[in-house]
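One structure below.
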Amino acid sequence: MSFHRNVAALRGRVPLAVAAAVALMLVFLPGADGAPAQPPQTVPKSVVRAADDALPTVTVVATGGTMAGRSDTPTSFQRYRAGTLLMEDMLAEVPNLDEVANVNSLQFGNKGSGGYTIAELYDLSLAVDNALKTSDGVVVTTGTDTMEEIGYFLDLTVQSPKPVVITGAMRPWTVIGSDAQANLFNAIVTAASGKTAWFGTVLMLNDEIHAVRDVTKTSSYRMDTFQTPEFGILGYVDDLKVRIMRMPARALRVFETRGRVVTTANALRNWRTPFDLTTIEKAELPRVEIFYNAQEAGGEAIDAWAAAGVEGIVTAGTGAGGISGAASQARNRAVQAGVMFASTTRTGSGSVYGGSGAVFPADSLNAPHARLLLMMALAFNDGVDEVRADFVEWASLQADITSALPSLQTS
Ligand code: SIN
(Lines give C-alpha, C1' and ligand atoms only; values in the text may rest on other atoms or scores of the structure.)
Protein backbone atom coordinates (compact mmCIF):
# COMPACT_ATOMS: atom_id res chain seq x y z
CA MET A 1 0.00 0.00 0.00
CA SER A 2 1.35 3.44 -0.85
CA PHE A 3 2.23 6.08 1.72
CA HIS A 4 -0.74 8.22 0.75
CA ARG A 5 -3.24 5.38 0.78
CA ASN A 6 -2.10 4.51 4.28
CA VAL A 7 -2.44 8.10 5.36
CA ALA A 8 -5.94 8.11 3.89
CA ALA A 9 -6.69 5.04 6.00
CA LEU A 10 -5.66 6.95 9.10
CA ARG A 11 -7.72 9.99 8.18
CA GLY A 12 -11.21 10.15 9.59
CA ARG A 13 -10.61 7.14 11.86
CA VAL A 14 -10.86 9.28 14.94
CA PRO A 15 -12.85 12.53 15.13
CA LEU A 16 -10.77 15.68 15.35
CA ALA A 17 -10.45 17.47 18.64
CA VAL A 18 -8.74 20.81 19.05
CA ALA A 19 -8.04 23.43 21.74
CA ALA A 20 -5.60 21.27 23.70
CA ALA A 21 -3.81 24.35 24.95
CA VAL A 22 -6.45 25.41 27.46
CA ALA A 23 -6.51 22.00 29.09
CA LEU A 24 -2.76 21.66 29.04
CA MET A 25 -2.29 24.97 30.86
CA LEU A 26 -3.64 23.27 33.99
CA VAL A 27 -0.77 20.79 34.19
CA PHE A 28 2.09 21.17 36.66
CA LEU A 29 5.78 21.27 35.82
CA PRO A 30 7.63 18.64 37.85
CA GLY A 31 10.21 19.62 40.44
CA ALA A 32 13.96 19.12 40.25
CA ASP A 33 15.61 15.67 40.28
CA GLY A 34 14.82 13.75 43.44
CA ALA A 35 13.01 16.69 45.08
CA PRO A 36 9.40 16.36 46.19
CA ALA A 37 6.95 17.76 43.63
CA GLN A 38 6.15 21.40 44.26
CA PRO A 39 2.93 23.29 43.60
CA PRO A 40 2.96 24.73 40.08
CA GLN A 41 5.49 27.53 39.73
CA THR A 42 5.64 27.60 35.96
CA VAL A 43 3.13 26.83 33.28
CA PRO A 44 4.49 23.99 31.14
CA LYS A 45 5.19 24.86 27.59
CA SER A 46 2.61 23.51 25.22
CA VAL A 47 2.64 23.93 21.49
CA VAL A 48 -0.54 23.72 19.46
CA ARG A 49 -0.13 23.55 15.73
CA ALA A 50 -2.60 24.59 13.05
CA ALA A 51 -5.27 21.91 12.78
CA ASP A 52 -6.26 19.93 9.71
CA ASP A 53 -9.85 18.86 10.33
CA ALA A 54 -9.38 15.57 8.51
CA LEU A 55 -6.65 14.32 10.81
CA PRO A 56 -6.71 12.96 14.36
CA THR A 57 -5.07 15.04 17.07
CA VAL A 58 -2.15 13.58 19.00
CA THR A 59 -0.50 15.31 21.95
CA VAL A 60 3.12 14.41 22.67
CA VAL A 61 3.84 14.73 26.40
CA ALA A 62 7.63 14.95 26.64
CA THR A 63 9.65 14.08 29.73
CA GLY A 64 13.20 13.79 28.33
CA GLY A 65 15.45 10.71 28.31
CA THR A 66 17.90 9.60 25.65
CA MET A 67 15.45 10.47 22.90
CA ALA A 68 15.93 14.13 23.87
CA GLY A 69 19.66 13.61 24.29
CA ARG A 70 22.42 15.69 22.70
CA SER A 71 25.54 13.66 21.92
CA ASP A 72 29.17 14.81 22.19
CA THR A 73 29.71 13.96 18.51
CA PRO A 74 27.54 12.48 15.74
CA THR A 75 29.01 9.07 16.58
CA SER A 76 29.10 9.15 20.38
CA PHE A 77 26.23 6.70 20.80
CA GLN A 78 26.78 6.33 24.53
CA ARG A 79 28.26 9.72 25.44
CA TYR A 80 25.46 12.24 25.52
CA ARG A 81 23.36 14.41 27.79
CA ALA A 82 19.87 12.90 28.16
CA GLY A 83 16.87 15.22 28.51
CA THR A 84 18.36 18.20 26.69
CA LEU A 85 16.40 18.90 23.49
CA LEU A 86 12.89 20.32 23.50
CA MET A 87 10.05 18.30 21.97
CA GLU A 88 8.85 21.34 20.04
CA ASP A 89 12.22 21.48 18.22
CA MET A 90 12.40 17.72 17.75
CA LEU A 91 8.93 17.56 16.19
CA ALA A 92 9.92 20.33 13.78
CA GLU A 93 12.65 18.01 12.46
CA VAL A 94 10.38 14.99 11.88
CA PRO A 95 9.14 14.90 8.27
CA ASN A 96 5.60 14.04 7.10
CA LEU A 97 3.92 14.35 10.49
CA ASP A 98 1.37 16.71 9.00
CA GLU A 99 0.13 13.80 6.89
CA VAL A 100 -0.46 11.59 9.94
CA ALA A 101 -1.92 13.77 12.69
CA ASN A 102 -2.33 17.23 14.11
CA VAL A 103 0.49 17.02 16.61
CA ASN A 104 0.64 19.16 19.75
CA SER A 105 3.34 18.96 22.35
CA LEU A 106 3.56 19.48 26.09
CA GLN A 107 7.03 19.75 27.61
CA PHE A 108 6.18 18.15 30.98
CA GLY A 109 9.83 17.94 32.02
CA ASN A 110 13.26 17.20 30.55
CA LYS A 111 15.42 14.73 32.46
CA GLY A 112 16.31 11.07 32.72
CA SER A 113 13.50 8.64 33.47
CA GLY A 114 15.03 7.58 36.80
CA GLY A 115 14.94 11.20 38.05
CA TYR A 116 11.14 11.35 38.28
CA THR A 117 9.52 11.01 41.69
CA ILE A 118 6.30 9.11 42.26
CA ALA A 119 4.65 12.46 43.02
CA GLU A 120 5.71 13.67 39.57
CA LEU A 121 4.26 10.54 37.96
CA TYR A 122 0.97 11.43 39.69
CA ASP A 123 1.13 14.82 37.91
CA LEU A 124 2.12 13.14 34.64
CA SER A 125 -0.90 10.82 34.78
CA LEU A 126 -3.26 13.76 35.32
CA ALA A 127 -1.55 15.60 32.45
CA VAL A 128 -2.15 12.64 30.13
CA ASP A 129 -5.83 12.38 31.06
CA ASN A 130 -6.15 16.13 30.65
CA ALA A 131 -4.62 15.99 27.16
CA LEU A 132 -6.97 13.14 26.22
CA LYS A 133 -9.96 15.41 26.86
CA THR A 134 -9.08 17.26 23.67
CA SER A 135 -6.82 14.83 21.80
CA ASP A 136 -7.55 11.53 20.11
CA GLY A 137 -4.39 9.97 21.49
CA VAL A 138 -1.31 10.77 23.57
CA VAL A 139 2.32 9.85 23.07
CA VAL A 140 4.50 10.04 26.19
CA THR A 141 8.25 10.22 25.63
CA THR A 142 10.53 9.10 28.45
CA GLY A 143 13.93 7.59 29.03
CA THR A 144 13.96 3.84 28.59
CA ASP A 145 15.52 2.96 31.97
CA THR A 146 12.27 3.15 33.93
CA MET A 147 9.90 3.36 30.94
CA GLU A 148 8.18 0.13 31.94
CA GLU A 149 7.47 1.66 35.38
CA ILE A 150 6.33 5.06 34.13
CA GLY A 151 4.19 3.33 31.51
CA TYR A 152 2.61 0.92 34.00
CA PHE A 153 1.92 3.80 36.41
CA LEU A 154 -0.04 5.41 33.54
CA ASP A 155 -1.68 2.10 32.63
CA LEU A 156 -2.98 1.73 36.17
CA THR A 157 -4.18 5.31 36.61
CA VAL A 158 -5.19 7.01 33.32
CA GLN A 159 -8.98 7.02 33.21
CA SER A 160 -9.49 7.52 29.47
CA PRO A 161 -9.54 4.47 27.19
CA LYS A 162 -8.12 6.51 24.30
CA PRO A 163 -4.68 5.43 23.00
CA VAL A 164 -1.68 6.16 25.22
CA VAL A 165 1.65 5.20 23.63
CA ILE A 166 4.92 5.50 25.52
CA THR A 167 8.18 5.66 23.60
CA GLY A 168 11.82 6.69 23.82
CA ALA A 169 15.12 5.80 22.22
CA MET A 170 18.30 3.87 22.86
CA ARG A 171 20.42 6.33 20.89
CA PRO A 172 20.31 10.11 21.32
CA TRP A 173 18.62 12.33 18.74
CA THR A 174 21.88 13.73 17.39
CA VAL A 175 23.87 10.61 16.40
CA ILE A 176 23.93 8.88 13.04
CA GLY A 177 21.57 5.91 12.94
CA SER A 178 19.55 7.15 15.91
CA ASP A 179 16.30 5.32 16.61
CA ALA A 180 14.84 8.48 18.19
CA GLN A 181 13.20 10.04 15.12
CA ALA A 182 11.69 6.77 13.88
CA ASN A 183 10.40 5.83 17.33
CA LEU A 184 8.77 9.24 17.77
CA PHE A 185 7.19 9.07 14.31
CA ASN A 186 5.95 5.49 14.73
CA ALA A 187 4.56 6.20 18.21
CA ILE A 188 2.55 9.09 16.74
CA VAL A 189 1.38 6.85 13.89
CA THR A 190 0.29 4.24 16.47
CA ALA A 191 -1.61 6.77 18.60
CA ALA A 192 -3.20 8.38 15.52
CA SER A 193 -4.38 5.03 14.20
CA GLY A 194 -6.72 4.60 17.17
CA LYS A 195 -5.97 0.87 17.04
CA THR A 196 -4.77 0.63 20.63
CA ALA A 197 -7.81 2.32 22.17
CA TRP A 198 -8.94 0.28 25.22
CA PHE A 199 -5.51 -1.43 25.36
CA GLY A 200 -4.33 0.70 28.27
CA THR A 201 -0.86 2.15 27.89
CA VAL A 202 1.23 0.47 25.19
CA LEU A 203 4.97 0.80 24.63
CA MET A 204 6.21 1.34 21.07
CA LEU A 205 9.92 1.00 20.42
CA ASN A 206 11.90 -0.52 17.58
CA ASP A 207 8.65 -0.73 15.51
CA GLU A 208 7.11 -3.13 18.06
CA ILE A 209 4.02 -2.55 20.19
CA HIS A 210 3.92 -4.11 23.67
CA ALA A 211 1.41 -4.10 26.53
CA VAL A 212 3.30 -2.04 29.08
CA ARG A 213 2.07 -4.30 31.88
CA ASP A 214 4.01 -7.21 30.43
CA VAL A 215 7.08 -5.59 28.88
CA THR A 216 10.55 -5.26 30.36
CA LYS A 217 13.87 -3.68 29.39
CA THR A 218 16.32 -6.51 28.71
CA SER A 219 19.50 -4.84 27.42
CA SER A 220 21.40 -1.77 28.54
CA TYR A 221 22.38 -0.73 25.00
CA ARG A 222 20.66 -2.67 22.21
CA MET A 223 17.80 -1.09 20.28
CA ASP A 224 15.61 -4.20 20.59
CA THR A 225 15.88 -3.93 24.37
CA PHE A 226 12.15 -4.16 25.13
CA GLN A 227 10.75 -7.68 25.25
CA THR A 228 7.53 -9.22 26.53
CA PRO A 229 8.82 -12.56 27.77
CA GLU A 230 5.63 -14.53 28.42
CA PHE A 231 3.21 -13.19 25.87
CA GLY A 232 5.07 -11.52 22.99
CA ILE A 233 4.33 -8.33 21.13
CA LEU A 234 0.82 -7.04 20.39
CA GLY A 235 1.71 -5.89 16.90
CA TYR A 236 4.07 -3.69 14.95
CA VAL A 237 4.35 -0.60 12.79
CA ASP A 238 5.49 -1.21 9.24
CA ASP A 239 5.76 2.05 7.32
CA LEU A 240 2.34 3.56 8.09
CA LYS A 241 0.64 0.24 8.73
CA VAL A 242 -0.20 -0.39 12.38
CA ARG A 243 -0.73 -4.14 12.51
CA ILE A 244 -2.37 -5.46 15.67
CA MET A 245 -2.06 -9.23 15.99
CA ARG A 246 -3.58 -9.75 19.46
CA MET A 247 -5.38 -7.90 22.24
CA PRO A 248 -4.16 -7.72 25.83
CA ALA A 249 -6.48 -9.00 28.59
CA ARG A 250 -7.15 -5.37 29.52
CA ALA A 251 -8.84 -4.78 26.16
CA LEU A 252 -10.58 -8.16 26.08
CA ARG A 253 -12.30 -7.29 29.36
CA VAL A 254 -14.28 -4.69 27.41
CA PHE A 255 -16.19 -7.64 25.87
CA GLU A 256 -16.97 -9.36 29.19
CA THR A 257 -20.73 -9.13 29.44
CA ARG A 258 -21.11 -10.05 33.15
CA GLY A 259 -24.83 -10.44 32.45
CA ARG A 260 -25.04 -7.06 30.69
CA VAL A 261 -25.01 -5.91 27.09
CA VAL A 262 -21.78 -4.34 25.85
CA THR A 263 -22.40 -0.59 25.91
CA THR A 264 -19.73 2.07 26.27
CA ALA A 265 -20.70 2.55 29.92
CA ASN A 266 -20.47 -1.18 30.67
CA ALA A 267 -17.22 -1.46 28.72
CA LEU A 268 -15.76 1.39 30.78
CA ARG A 269 -16.93 -0.29 33.98
CA ASN A 270 -15.06 -3.47 33.02
CA TRP A 271 -12.01 -1.61 31.76
CA ARG A 272 -11.30 1.07 34.36
CA THR A 273 -9.06 0.39 37.32
CA PRO A 274 -10.21 1.69 40.71
CA PHE A 275 -7.10 3.89 40.84
CA ASP A 276 -8.53 7.31 39.91
CA LEU A 277 -5.85 9.74 41.08
CA THR A 278 -8.27 12.66 41.16
CA THR A 279 -9.77 11.07 44.30
CA ILE A 280 -6.52 11.02 46.33
CA GLU A 281 -3.67 13.40 47.16
CA LYS A 282 -0.23 12.52 45.79
CA ALA A 283 1.06 12.32 49.38
CA GLU A 284 -1.25 9.34 49.91
CA LEU A 285 0.85 7.18 47.57
CA PRO A 286 2.84 5.10 50.06
CA ARG A 287 6.44 3.94 49.95
CA VAL A 288 6.87 0.44 48.55
CA GLU A 289 10.29 -1.18 48.14
CA ILE A 290 11.71 -4.25 46.38
CA PHE A 291 13.71 -6.96 48.14
CA TYR A 292 15.85 -9.03 45.74
CA ASN A 293 16.42 -12.53 47.13
CA ALA A 294 19.70 -14.45 46.75
CA GLN A 295 21.51 -17.39 48.30
CA GLU A 296 21.35 -16.96 52.12
CA ALA A 297 20.10 -13.39 51.75
CA GLY A 298 19.84 -11.45 55.01
CA GLY A 299 16.60 -9.94 56.28
CA GLU A 300 18.03 -6.68 57.62
CA ALA A 301 16.80 -4.60 54.69
CA ILE A 302 13.24 -5.75 55.33
CA ASP A 303 13.53 -4.92 59.04
CA ALA A 304 14.94 -1.49 58.22
CA TRP A 305 12.24 -0.68 55.69
CA ALA A 306 9.52 -1.69 58.14
CA ALA A 307 11.12 0.54 60.79
CA ALA A 308 11.31 3.40 58.26
CA GLY A 309 7.56 3.30 57.63
CA VAL A 310 7.56 1.53 54.28
CA GLU A 311 4.02 0.20 53.82
CA GLY A 312 4.62 -2.44 51.17
CA ILE A 313 7.50 -4.67 50.08
CA VAL A 314 7.75 -6.70 46.90
CA THR A 315 9.99 -9.73 47.06
CA ALA A 316 11.75 -10.82 43.86
CA GLY A 317 12.19 -14.43 44.86
CA THR A 318 13.98 -17.37 43.32
CA GLY A 319 12.01 -19.75 41.11
CA ALA A 320 8.35 -19.61 42.00
CA GLY A 321 8.95 -16.80 44.51
CA GLY A 322 11.08 -18.37 47.26
CA ILE A 323 13.01 -16.20 49.75
CA SER A 324 15.71 -17.13 52.26
CA GLY A 325 15.01 -18.20 55.84
CA ALA A 326 16.30 -14.90 57.23
CA ALA A 327 14.21 -12.89 54.77
CA SER A 328 11.18 -15.01 55.56
CA GLN A 329 11.58 -14.36 59.31
CA ALA A 330 12.00 -10.64 58.65
CA ARG A 331 8.87 -10.73 56.47
CA ASN A 332 6.91 -12.29 59.35
CA ARG A 333 8.10 -9.52 61.67
CA ALA A 334 7.19 -6.85 59.13
CA VAL A 335 3.72 -8.33 58.59
CA GLN A 336 3.18 -8.14 62.36
CA ALA A 337 4.10 -4.45 62.09
CA GLY A 338 1.46 -3.93 59.37
CA VAL A 339 3.58 -4.14 56.20
CA MET A 340 2.00 -5.90 53.20
CA PHE A 341 4.00 -8.01 50.74
CA ALA A 342 3.75 -9.08 47.12
CA SER A 343 5.68 -12.10 45.84
CA THR A 344 7.28 -12.07 42.40
CA THR A 345 9.97 -14.14 40.73
CA ARG A 346 13.42 -12.91 39.79
CA THR A 347 13.52 -15.40 36.88
CA GLY A 348 12.35 -12.81 34.34
CA SER A 349 9.20 -14.68 33.37
CA GLY A 350 6.58 -17.01 34.81
CA SER A 351 4.03 -16.55 37.57
CA VAL A 352 3.90 -16.64 41.35
CA TYR A 353 0.75 -18.00 42.99
CA GLY A 354 -0.30 -18.75 46.57
CA GLY A 355 0.50 -16.63 49.60
CA SER A 356 -1.90 -15.88 52.42
CA GLY A 357 -2.82 -13.03 54.73
CA ALA A 358 -0.69 -9.98 53.98
CA VAL A 359 1.48 -11.81 51.42
CA PHE A 360 -0.07 -11.53 47.96
CA PRO A 361 0.88 -13.40 44.77
CA ALA A 362 1.88 -11.06 41.92
CA ASP A 363 1.02 -13.61 39.23
CA SER A 364 2.95 -12.72 36.05
CA LEU A 365 3.91 -9.16 37.08
CA ASN A 366 7.61 -8.52 37.44
CA ALA A 367 8.87 -6.85 40.61
CA PRO A 368 8.88 -3.19 39.42
CA HIS A 369 5.35 -3.60 38.03
CA ALA A 370 4.13 -5.35 41.20
CA ARG A 371 5.60 -2.51 43.26
CA LEU A 372 3.43 0.06 41.48
CA LEU A 373 0.30 -2.07 41.74
CA LEU A 374 0.92 -2.64 45.47
CA MET A 375 1.38 1.12 45.87
CA MET A 376 -2.02 1.74 44.25
CA ALA A 377 -3.79 -1.05 46.15
CA LEU A 378 -2.43 0.36 49.43
CA ALA A 379 -3.32 3.96 48.56
CA PHE A 380 -6.91 3.20 47.61
CA ASN A 381 -7.83 0.67 50.29
CA ASP A 382 -7.84 0.07 54.04
CA GLY A 383 -7.11 -3.31 55.56
CA VAL A 384 -5.44 -6.45 54.30
CA ASP A 385 -8.53 -8.02 52.73
CA GLU A 386 -9.36 -4.97 50.59
CA VAL A 387 -5.76 -4.42 49.52
CA ARG A 388 -5.41 -8.10 48.65
CA ALA A 389 -8.66 -8.10 46.61
CA ASP A 390 -7.59 -5.14 44.44
CA PHE A 391 -4.00 -6.34 44.13
CA VAL A 392 -4.93 -9.88 43.13
CA GLU A 393 -7.59 -8.76 40.63
CA TRP A 394 -5.20 -6.47 38.75
CA ALA A 395 -2.13 -8.69 39.14
CA SER A 396 -3.89 -11.69 37.63
CA LEU A 397 -5.62 -9.63 34.95
CA GLN A 398 -7.49 -11.97 32.67
CA ALA A 399 -10.57 -11.87 30.51
CA ASP A 400 -13.40 -14.36 30.12
CA ILE A 401 -15.31 -13.43 27.00
CA THR A 402 -17.00 -16.78 26.40
CA SER A 403 -20.42 -15.32 27.17
CA ALA A 404 -19.92 -12.67 24.46
CA LEU A 405 -19.08 -15.26 21.79
CA PRO A 406 -21.66 -17.03 19.61
CA SER A 407 -22.62 -20.39 21.11
CA LEU A 408 -21.49 -23.46 19.24
CA GLN A 409 -24.02 -26.27 18.82
CA THR A 410 -22.81 -29.84 18.76
CA SER A 411 -24.75 -31.62 16.03
C1 SIN B 1 16.86 7.37 30.76
O2 SIN B 1 16.17 6.40 31.05
O3 SIN B 1 16.46 8.52 30.94
C4 SIN B 1 18.21 7.21 30.13
C5 SIN B 1 18.28 6.04 29.24
C6 SIN B 1 17.36 6.10 28.06
O7 SIN B 1 16.62 7.03 27.83
O8 SIN B 1 17.40 5.14 27.29
Residues other than THR273 with Cβ under 12 Å of its Cβ, Lys/Arg counted +1 and Asp/Glu -1, net out at +1
Expected vector for region 388-400, Karplus 3J(HN,Hα) from phi with 6.51, -1.76, 1.60 and θ = phi - 60°, integer Hz, x for Gly and Pro, equals 4, 4, 5, 4, 5, 4, 8, 6, 9, 3, 9, 10, 10
How big is the shadow of the Cα convex hull of region 102-205, averaged over all directions, in nm²?
-> 6.1
Extension gain, GLN409 back to ALA51 (0.36 nm per residue minus Cα-Cα distance, nm) | 123.7 nm
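Using mean Cβ contacts within 10 Å as the protection proxy, how do 190-198, 396-404, 156-164 order, highest first?
Order by mean packing, descending: 190-198, 156-164, 396-404.
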List every residue whose amide H lies under 5 Å from the amide H of GLY112, counting only residues 5 or more places away in sequence or on a different chain, with H placed 1.01 Å from N in the peptide plane.
-> GLY65
Residue-normalised 222 nm signal for the chain, counting each DSSP H run of n ≥ 4 as -39,500 (n - 2.57), nearest 500 deg cm²/dmol, is -8500 deg cm²/dmol
May I ask you to order 90-96, 373-379 by the average number of other C-beta atoms within 10 Å around their residues, highest value first?
-> 373-379, 90-96
Taking amide hydrogens as modeled 1.01 Å from N in the peptide plane, which residues meet the under 5 Å criterion relative to ALA342, leaving out close sequence neighbours?
-> ILE313, VAL314, THR315, PHE360
Compute the signed sum of charges (Lys and Arg +1, Asp and Glu -1) over the other residues within less than 15 Å, Cβ to Cβ, of ARG222.
-> -3
Antiparallel as a % of all DSSP beta bridges within the chain, to the nearest 5?
-> 35
Measuring with a 1.4 Å probe in the full set of protein chains, what accessible area per residue, in whole Å², belongs to the chain?
-> 42
Under the 7 Å Cα-to-Cβ spin-label approximation, ALA301 and ASP98 lie apart by a distance in nanometres of 5.3
Here Rg/Rh (Cα, Kirkwood) for the chain equals 0.97
How much length is gained on full extension from ASP238 to GLU281, taking 0.36 nm per residue of separation minus their Cα-Cα distance?
-> 11.3 nm
Estimated inter-spin distance, ILE176 and THR402, nm [label 7 Å along Cα→Cβ] = 5.9
Between VAL61 and residues 5 or more places away or on another chain, which pairs have amide H atoms under 5 Å apart, with H built 1.01 Å from N, and which residues are they?
-> LEU106, VAL139, VAL140, THR141
Convert each backbone phi in region 143-149 into a coupling constant with the Karplus relation 6.51 cos²θ - 1.76 cosθ + 1.60 (shift: θ = phi - 60°), then list the ³J(HN,Hα) values in order as whole Hz, x for Gly and Pro.
-> x, 7, 4, 10, 4, 5, 7
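The values are calculated or read from the model by the stated rules, or taken from the named source; none is laboratory data. Quantities reported herein were computed from a predicted structural model and do not represent experimental measurements. Here the Cβ is made from the backbone with ideal geometry for all residues, glycine too, and neighbour counts use every protein chain on show. Remember, those area values only see protein heavy atoms, side chains included, never the ligands or the DNA or RNA. Shrake-Rupley method; radii C 1.70, N 1.55, O 1.52, S 1.80 Å.
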